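Here's the structure we're looking at; comments come further down.
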């Protein structure tokens, strides 16, 4: 099972996400994510044996308790790239409000999952929604221009849970399904 921990955007933000992606439509080399599956990845776990699920679910519930984050409102906006504007691999939508709460949750999840033997993150956590991955640099200049000049805000939502999500890879792209939800305290 290919798993990750996520905060999912609600269905009513799929259209605004798609509208932002449309602004990048002329940038060759971008492979867009499905706006209907927009989410913030809190922790990518990779391939996980199904037998580990009970322990993983227990540790994720404990991580939510450790973080002690009450339900909160996140506002999505701003654009960015990883790793840099000179070498773009990911184009993302940022989190304008709610980043501190997401970071606390991430840190607690990271601590619990690395103690279970999952790989530690190699980069600092930046809460974001992936809009596209850059397959080649053909549209790099347009992406750079839009990221520098645009500062969209697409909306906000109340975050009251994290999810353990399974990613099934298909020819049409990944399909995500929620295995378990963990409510915030």
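Here are a few things to note about the model shown:
- Two-site FRET efficiency, residue 161 against residue 44, from Cβ-Cβ distance with R₀ of 22 Å, rounded to 0.05: 0.75
- At R0 = 35 Å, FRET efficiency that the Cβ-Cβ distance of residue 36 and residue 89 yields, to 0.05: 0.95
- Its residues counted as N, the chain yields a C-alpha radius of gyration over 2.2 N^0.38 Å of 1.03.
- Helical content of the chain, expressed as a calculated mean residue ellipticity at 222 nm, amounts to -9000 deg cm²/dmol (DSSP H runs of 4 or more residues, -39,500 (n - 2.57) each, divided by residue number, nearest 500).
- Proxy reagent accessibility, fewest Cβ within 10 Å first, across 33, 130: 130, 33
- As a proxy for reagent exposure, ranking 73, 48 by other Cβ atoms within 10 Å from fewest up yields 73, 48.
- Cut-off 16 Å (backbone N to label point 7 Å along Cα→Cβ of residue 55), residues of the range 101-121: 111-120
- The chain: angle of helix 53-67 to the longest principal axis, Cα-based, in degrees nearest 10: 80 degrees
- Beta bridges assigned by DSSP with both partners in the range 58-178 are antiparallel in approximately 100 percent of cases.
- Selected from 58, 163, 104 as most flexible by GNM, with the chain as the system and alpha-carbon contacts under 10 Å: 58
- Fewest-first sequence of 110, 57, 50, 122 by Cβ atoms within 10 Å of each Cβ: 122, 50, 57, 110
- Taking the chain as a Gaussian network of alpha-carbon nodes connected by springs under 10 Å, the highest mean-square fluctuation of the residues 78, 29, 173 belongs to 173.
- Cα long-axis angle, helix 140-149 against the chain (0 to 90 degrees, to the nearest 10): 80 degrees
- Stretching the chain fully between residue 23 and residue 122 yields a gain of 32.6 nm (0.36 nm per residue, less the alpha carbon separation).
- Principal-axis tilt of helix 14-23 within the chain, Cα atoms, nearest 10 degrees: 40 degrees
- Candidates 42, 134, 116: whichever shows maximal mean-square fluctuation once the chain is modelled as a Gaussian network with Cα springs under 10 Å: 116
Since every read-out is calculated from the coordinates, none of them should be taken as a lab result. Remember, it's a predicted structure, so these values are computed and weren't measured experimentally. Glycine gets a Cβ as well: all are built from the backbone with ideal geometry, and neighbour counts include every protein chain shown.
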